[in-house]
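Below is one structure; the comments refer to it alone.
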Amino acid sequence: MRLTTTKKELFDAIPRGFSVGFVPTMGALHSGHASLMKQARQENELLVASIFVNPLQFEALGDCDDYRHYPRDLDADIPLLEECGVDIVFAPSVAEMYPNDLPLVWVRTGAMGEKLEGASRPGHFDGVATVVSKLFNLVRPDRAYFGQKDAQQVAVIRRLVADLDIPVEIRAVPIIRGADGLAESSRNQRLSPTERTQALVLPRVLEKLKARAITIDAARAELATAPGVKLDHLEAVDPATLEPLAELTTPALVVAAIYVGPVRLIDNIEITT
Ligand code: AMP
C-alpha cells in the first residue's frame, strides 16, 4: 500500500490503463468503511481511498467543535486500509487541498442540499459536493463508493455526477450496523455506554416502520419522547429526489436524525414493499 499526501504524489502513484475504484472517507475507519472498500476491491483493478476531514462541510467552515473534535488518527486507520487491500491512500492536509485558502468557486447543491440534514447543517452538502468534485478530478476513478448510511449524500452525489457530466459510476453500499443495531459511525466513539443504549431507539423505530407496525407520526412521537434523545427530523421521502412523500408509498426512504448527548446521529431505511 502506498501512502500519499500531496496531489502530485497521488497523480504519480496511479498507473493509467487500469480500472480504478475510489472510496472517499474522513478516517476513523470502522466496519462501515471496510464494507465500501471490500466491494470496491472486488470490482476494480486498483483501489484508492482518501482520508480527509473536509472543513468546508462543517459548521462555520470548520470553526466548530464537531470539526475540532472529529477523530483523526491516521496510524490507527492503516491496518484496516491494508486489510481491505487498498493500493493507494490519499491523506492530504487542509493546506494541500485548499492551497489558495478556501475556494471562491463552489459546487452548489441547491434545494436538494438544503433539506433534511442540510436544514440543520447549512452549506454541508455544498461542502461535500465541492470536495468530492475535487477528489474525482484528482483520482479520476471509474467507480466511486458511498454508504447508504448517508442516504442524502448518495442522492446528492448521484445528481452531482449526472448534472455535471462527471464520468464516474456511483455505487451505493448497504448500511453496516453493530450487533446492537446501531449504524456504525465514527461519531459513535463519542457516546457513553448509557447514551449508546439510548440511541438504539433510532434503529428500532426505523425497523418498526419498515414492518409497517407504526405510522410516521407514531415514529416521530416515539423518538421525541425517548429518554436522552432529542429528535431533529424523521421524514419519508422519494429516494431519488428527496421530495417529501405525503404517505408511506413505495419506494420510500425514511431518513432520521437525533441528538444523543453531544452527538448527532443519522440513520435511514428503505421501504420497498
Ligand atoms: P465518513 O468517513 O463518515 O465520511 O464516511 C465515508 C463513507 O463511508 C461514506 O460514504 C459513508 O456513507 C460510509 N459509511 C459510514 N458509515 C457507514 C456504515 N455504517 N455503513 C455503510 N457505509 C458507511
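For beta carbons closer than 7 Å, sequence separation of 6+ or different chains, a first residue in the stretch 184-197 that is part of a loop (DSSP other than H, G, I, E, B) and more than 14 Å from the ligand (Cβ to nearest atom) and a second that is of a type in the set (Lys, Arg) and open to solvent by 90 Å² or more (accessible area, probe 1.4 Å), there are no qualifying pairs.
Mind checking which helices (runs of 4 or more DSSP H) fall wholly inside the stretch 100-178 and carry at least 1 residues that are more than 16 Å from the ligand (Cβ to nearest atom), open to solvent by 50 Å² or more (accessible area, probe 1.4 Å) and under 25 Å from Ala34 (Cα atoms)?
Details: elements: 110-114, 117-120, 124-139, 151-163.
Of the helices (runs of 4 or more DSSP H) lying wholly inside the stretch 100-178, those with at least 1 residues that are more than 16 Å from the ligand (Cβ to nearest atom), open to solvent by 50 Å² or more (accessible area, probe 1.4 Å) and under 25 Å from Ala34 (Cα atoms) span 124-139.
Applying the selection to the stretch 185-219, what residues are in contact with a helix residue (DSSP H, G or I) (Cβ under 6 Å, 6 or more places away or on another chain) and crowded, with 18+ Cβ neighbours inside 10 Å? Across the stretch 185-219, the qualifying residues are Val205, Leu209, Ala219. Candidates in the stretch 53-67 are the residues that are more than 9 Å from the ligand (Cβ to nearest atom) and among the hydrophobic types (A, V, I, L, M, F, W, C); of these, the one that is surrounded by the fewest Cβ atoms within 10 Å (Cβ to Cβ) is Ala60. Take the conditions (1) within 16 Å of the ligand (Cβ to nearest atom); (2) of a type outside the set (A, V, I, L, M, F, W, C); (3) open to solvent by 20 Å² or more (accessible area, probe 1.4 Å); Arg2 misses just one of them, which is (1).
Pairing residues of the stretch 17-32 that are in contact (Cβ under 8 Å) with a residue 40 or more places away in the chain and in a loop (DSSP other than H, G, I, E, B) with residues that are near the ligand (Cβ under 7 Å from one of its atoms) and open to solvent by less than 40 Å² (accessible area, probe 1.4 Å), at Cβ distances under 6 Å and at least 6 apart in sequence or on separate chains, gives Ala28/Ser186.
Within the stretch 239-273, the set of residues being of a type in the set (D, E, K, R) and open to solvent by 50 Å² or more (accessible area, probe 1.4 Å) comprises Glu243, Glu247, Glu270.
The values are calculated or read from the model by the stated rules, or taken from the named source; none is laboratory data. As the structure is a prediction and not an experimental result, all values here were calculated from the model. Positions of Cβ are backbone-derived with ideal geometry, glycine not excepted, and every protein chain shown enters the neighbour counts. To get the accessible areas, we keep the full protein, side chains included, count just its heavy atoms, and leave off ligands, DNA and RNA. Shrake-Rupley method; radii C 1.70, N 1.55, O 1.52, S 1.80 Å.
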